[in-house]
Amino acid sequence: MAHFEIKDLSFCYPAARSRLALNNVSLTIEQGEYVTVCGRSGSGKTTLLRHLKSVLAPHGKIKGQILFDGRPLKEVDLREQASRIGYVMQNPDNQIVTDKVWHELAFGLESLGCDQKTIRLRVAEMASYFGIQDWFHKNVSELSGGQKQLLNLASIMAMQPSVLILDEPTSQLDPIAASDFLNTVRKINRELRTTIIITEHRLEDIFYASDCVIVMEDGKVIANDRPERIGEFLKGENNRMFAAMPTPVQIYYGVQERCAGSLEVSVEGAGKSAETATVAAKQRLSELACPLTVREGAEWLDKLFAGVTITETKVDKGQKYIEEDIKNPAVELQELWFRYEKDSPDILKGVSLKVPKNSLFAIVGGNGTGKSTTLKAISGICRPYRGKVLIDGKKIDKYKSGELFRGMLAMLPQDPQSLFVHKTVKEDLAEMLPRKLSEAERKARIAQVAETCEITELLDSHPYDLSGGEQQRAALAKVLLTEPKILLLDEPTKGIDSFFKLKFAEIMAKLKGQGVTIIMVSHDVEFCARYADTVSMFFDGGIVTTNTPNRFFSGNSFYTTAANRMSRHLFENTITNEEVIALCQKNL
């Protein structure tokens, strides 16, 4: 039986006038299915999901019909929707309503009017199932981002919903916590037959597990099929959404595209045995199925290179990182120690680093290790009780009030909503400009940064009506208008799609060319591997290691890229899709 039937659904936000957020969407989602919805930021994914629960449906003009278990959704009372349709949001802090873990687990059941015995039983069961026993009595404020999101999931599952909707649930989590969380969601689907409807920009951990993948573009559904067919469809259509496909899919089609032609040429000058091996490899290239997971990708490489002698196993590592060689760093931290309260544990424990000028310096690590606190210390928001912060060679406390943020330093916080204080994006951008500018100059500056960050069509929208990725782009535009020499970014790629990541990388490269130094805290290891100049790993309040991306990621087992995990048994230090494809081409 179909859980949801969506018939010719169209929707328009009040400020958008004629722009449809959803355009004639028709879908059927069966009971027990695992459905992944993907697409660019602003393609309508979140808007679609929010319409599947009446209390979360956005305000605006709507046409069409949504049926839940054969009944119009608007006729299903809110109590039944609360118990049967679970919803996990992007930001766990937006969903948690109590101060204690145990109370959060019980809150939904209390709201439904369950008796005390039922509440105790279900809370105990969920705490055991999700491994929450060790922090059952903790304050919610003490939890990491991953624990908060897991608590949200457990609180919803305590109500035993038949449908679980998740809107980019791992956007705030580090790669390992994100993988654990999504594995738990998969387990719920497999063992409890709970219907899963999920949107994600990082498809590595959910694409293969999906029964069907729905691709959205400009409010329309352009594809709805099995995952193994989606990659082929997007590649055949030359659709930009192909850039969001999991690493094994991108490498598979990349090798096919790059090697099919080169194999024709290489056979002519090869010896007899090499010729036979190369012809066999070409045959296999056309016959082997597209891998969806890292494991399948590694097995695909083994089969592809069966009988072929691999002569090229390395890529150029680039220049080695030596901290002693850095003269006149843009930012220097010397033995920083910091705690939020007098009697609380230290968050920063002797943090020391030097950030070279005109570089992109990435900081990675698990939730709660001190990464964001370090950015706050650099910006002067947090004052360490020991150690020094030097900005452009000058102690931070030597800067006069406000001087630091006038063309010297700017920060994009983890929550972009904290930057929005006006009713439209345009007004928010305008407040960052100097008053001395003429009206024509102000309009030109806003138009330029809006075009750069791809938010021109959103200037008249309310910031809170935007999707998570669109809010991130608008916040970035607001920060860029300050024209800083040092730019601090806390999770800047959170919620943005693969296409804008390419644009974002171009923006970062342009800023570096203009003499800007960028310090970025990120869970996006793929982005850091491809575009960072230097990568530091945080653990337990300190820096464990700092190195160039290739040396850093190729030496890790878990904190590395999917391309590295997929190819490391054949190639020594490949960390990006392009590097794997290039070595495949050389060896074939």
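The values are calculated or read from the model by the stated rules, or taken from the named source; none is laboratory data. All values reported here derive from a predicted model rather than from experimental measurement. Cβ sites come from the backbone with ideal geometry, for glycine too, and all protein chains shown count toward neighbours. Calculation scope for accessible area: heavy atoms of the full protein, side chains included, ligands and nucleic acids excluded. Shrake-Rupley method; radii C 1.70, N 1.55, O 1.52, S 1.80 Å.
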Q | Ratio Rg/Rh [Cα only; Rh per Kirkwood] for the stretch 77-119 | A | 0.98
Q: Could you give the spread of the C-alpha atoms of the stretch 352-492 along their three principal axes, from largest to smallest, in whole angstroms?
A: 46, 36, 25
Q: Express in nm, to one decimal, how much length is gained between GLU323 and TRP102 on full extension, taking 0.36 nm for each residue of separation and deducting their alpha carbon distance.
A: 74.9 nm
**Q.** Helix-derived mean residue ellipticity, 222 nm - over the chain, DSSP H n ≥ 4, -39500 (n - 2.57), to 500
**A.** -11000 deg cm²/dmol
Q.
I'd like the accessible area for ARG386: 1.4 Å probe, protein heavy atoms, all chains in place, Å² to the nearest 10.
A. 130 Å²
(Q) Could you give the length gained by full extension between LYS342 and THR545, i.e. 0.36 nm per residue of separation minus their alpha carbon distance, to one decimal place? (A) 70.2 nm
Q) Suppose R0 equals 35 Å; then what is the FRET efficiency for ARG442 and ALA243 from their Cβ-Cβ distance, rounded to the nearest 0.05? A) 0.50
Q: Just the number, please: percent antiparallel of the DSSP beta bridges in the chain, rounded to the nearest 5.
A: 50 percent
Q) When only Cα pairs under 8 Å and 6 or more residues apart are kept, what is the percent relative contact order across the stretch 126-253? A) 17 percent
Q: Kindly provide log₁₀ I(q)/I(0) values, in the same order as q = 0.13, 0.14, 0.15, 0.20 Å⁻¹, from the Debye equation applied to equal alpha-carbon scatterers of the stretch 444-588.
A: -0.68, -0.77, -0.86, -1.22
Q) GLU257 versus SER352, label points 7 Å from Cα toward the beta carbon: distance in nm? A) 4.7 nm
Q.
Can you tell me, using C-alpha contacts under 8 Å and at least 6 residues apart, the relative contact order of the stretch 452-539 as a whole percent?
A. 29 percent
Q: Output the relative contact order of the chain, whole-number percent, from Cα pairs under 8 angstrom with separation of 6+ residues.
A: 16 percent
Q: Enter the accessible area per residue of the chain (Å², integer; probe 1.4 Å; all protein chains in place).
A: 45 Å²
Q | Furthest towards positive pole of dipole, LEU153, PRO248, ILE347, structure part the chain, Cβ charges | A | ILE347
Q: Could you let me know the centre-to-centre spacing of the stretch 433-500 and the stretch 303-322, using Cα atoms, in angstrom?
A: 40 Å
Q. Which of rounded, prolate, oblate describes the chain, given a ≥ b ≥ c as roots of the alpha-carbon gyration tensor eigenvalues and a/c under 1.5 marking rounded, otherwise prolate only if a/b is larger than b/c?
A. rounded
Q.
Taking all protein chains in place and a 1.4 Å probe, what share, in percent, of the accessible surface of the chain do carbon and sulfur account for?
A. 48 percent
Q) What per residue convex hull volume, in Å³, do the alpha-carbon atoms of the stretch 96-165 yield? A) 87 Å³
Q) In the neighborhood of LYS45, defined by Cβ-to-Cβ distances under 13 Å, what is the net charge if each Lys or Arg adds +1 and each Asp or Glu adds -1? A) -4
Q | Net dipole in debye of the chain [+1 Lys, Arg Cβ; -1 Asp, Glu Cβ; about Cα centre; nearest 20] | A | 1260 debye
**Q.** Whole-Å distance, taken between Cα centres, linking the stretch 533-551 and the stretch 179-252
**A.** 31 Å
Q) How big is the gap, in Å, between the Cα center of the stretch 69-105 and the Cα center of the stretch 418-432? A) 31 Å
